[in-house]
Amino acid sequence: MENAADDNYGEADRDVAEAKPFIEDIITQQKVVTDRELKVRLEDRFFPWVTGRALNVMESEGTITRVRYPGRKRKGAPESFHAVAGVRRSQIDGVAKDKMEVSRDINAILTRHAPAGAHAEDLFEQAFSSLGFDILARDASEYGGRHVSGVEGKEPPNLDFIVERDQVVYGVDIKNWIRYEYGTRAEVVSKVNLAVELGVVPFIIARYVDKDMIYRGIIERGGICYLFRTLLVPPSFDSLATRAGQLLGYPVLAVDWLPRYKVMWLDTLHRDFVGRRKW
């Protein structure tokens, strides 16, 4: 993937100038924003690392300012905020406090062992079953006599599911993440590698993966990718989901079953893959 990295960083440099007015417009409207908020709001237009570079350039140019708040750092909360240069703290303190709390609470429920950590896995397991897929294994590090490579003395890495339909066996891994950066791509690559090691089709299901990774890192290696676009949390977090959307622009669904259109897109991806294989 070295060449892909070079290409993306070159593209990022070219796109920084284009990203700057979008960033300034959002900050002006919102008064104060978090780094992650901006990257999510602009992820359909710019890679997150392009937005990050543009933020650094704008700060060095004096267009925007970075605001830090004193006191003990709260786990999962942003360390700083971005505002238009020259803004008075009294104009942004209330909004920043609200965004800090919602960011912290969303991050707290997305870890593996937190209430929403495995929720997306449960939802997609239901969806696969409803579409007639056989769930052959969960937390799979071996299949068909093959074993993944690992570090001696540690638990081997695994895929969330091994599923099968129409004689196609997929190694599925689900990423219900809000944070996505250039380095995050390594997590996608590692899961694709596991599926390849096990001799199954890599199937990455994620809220967001950049286009370059989808094509070079997944499709060109024989896999498929499903972008579900929205964070998935249990219905009990409905009010938090609403606040995250209102304050941070995060797309969040608080559901106990995937909407039908999302389930059917899973079916469509499978049918298209089977159709391509017949050629």
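Each value in this text was obtained by applying a stated rule to the coordinates, not by laboratory testing. The structure presented is a predicted model; accordingly, all values stated were derived computationally and were not measured. All Cβ positions, even for glycine, are placed from backbone atoms using ideal geometry, and neighbour counts span all protein chains on display.
Annotations for the structure displayed:
- Total residues in segment 85-108 satisfying the condition of being assigned to a helix (DSSP H, G or I) and over 18 Å from the mean Cα position of the chain (by Cα): the figure is 13.
- Selection from segment 43-84 of residues that are among the acidic types (Asp, Glu), part of a loop (DSSP other than H, G, I, E, B) and in contact with a strand residue (DSSP E or B) (Cβ under 9 Å, 6 or more places away or on another chain): Glu79
- Beta carbons closer than 6 Å, at least 6 apart along the sequence or on distinct chains, pair a first residue in segment 33-45 that is touching a residue at least 40 places away in the same chain (Cβ under 8 Å) with a second that is buried (at least 19 other Cβ atoms within 10 Å of the Cβ) and β-branched (Val, Ile, Thr) for Val33/Ile27; Leu38/Thr51; Lys39/Thr51.
- All positions within segment 183-217 that are buried (at least 18 other Cβ atoms within 10 Å of the Cβ) and aromatic (Phe, Trp, Tyr): Phe203, Tyr208
- Every listed requirement among (1) within 26 Å of Leu253 (Cβ to Cβ); (2) β-branched (Val, Ile, Thr); (3) touching a residue at least 40 places away in the same chain (Cβ under 8 Å) is met by Val201 save one, (1).
- Among the residues of segment 124-148, those that are of a type in the set (Phe, Trp, Tyr) and within 15 Å of Ile205 (Cβ to Cβ) comprise Phe124, Phe128, Phe133.
- Filtered residues of segment 174-219 (kept if in a strand (DSSP E or B) and of a type in the set (Val, Ile, Thr)): Ile174, Val201, Ile204, Ile205
- Selection over segment 119-148 of residues that are on the phi > 0 side of the Ramachandran plot and free of Cβ contacts under 8 Å to residues at least 40 places away in the same chain gives a count of 3.
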